[in-house]
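Where a number appears in this text, it was derived from the coordinates with a stated rule and is not lab data. These figures come from a predicted structure and were not determined experimentally. Cβ atoms come from the backbone with ideal geometry, glycine included; neighbour counts cover every protein chain shown.
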Amino acid sequence: MRYAIILGPLILLASNTNCGCRKQPAEITSSAPTISVNALRIQQEASSLLAAGREHEALQKYREVLALHPDLEHVRSMVDELTQRTDPRTWLEKHPTDWGAWMSIFAEMINSNMLDEAEAHLTRLPDGHEPQEYRMALDLKRQFIIVKERSQQAESTAPVKAAPSASSTVR
């Protein structure tokens, strides 16, 4: 007798030859792809890494599984999702109209004071979005940096007042 155990997208097939059955069992068919034991082990490692919040390492493991079994759509979906979250630049190369990836990279550049790179990134702005407001964000960040630098210079060049001594305050 043949058994099918369904575990999400995986189907495990088992048989019991000692069942005493005389009839041929109906053939079990499934649209789910088969997966090697090694790939299943790697996928479990990836799931554990993901649950532990180690997304970069999980992505590498899911890529290993996909290299072994390129037909596993659920693994391809995980690779896409994790790539989008952990490596927006790679994602944007493959999906140049993805607004979220574009914005993530732009924000990272602005927050890291990579303003020239952010300016160049504006040339890859997805269709339907106007660059004026993003140029304004760049200008504001540049002004903030200038004000901050001037403030630090003023603090470093300001004369330091001596603290009153203990003998002069007690009478």
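Some observations on this one:
- Among the residues of the range 52-98, those that are of a type in the set (Ser, Thr, Tyr) and in a helix (DSSP H, G or I) comprise Tyr62, Ser77, Thr83, Thr86, Thr90.
- Options Glu117, Glu133; residue that is acidic (Asp, Glu), part of a helix (DSSP H, G or I) and surrounded by 10 or more Cβ atoms within 10 Å (Cβ to Cβ): Glu117
- Candidate set: the range 74-112, residues that are hydrophobic (A, V, I, L, M, F, W, C) and closer than 23 Å to Tyr62 by Cα; chosen: the one surrounded by the most Cβ atoms within 10 Å (Cβ to Cβ): Val75
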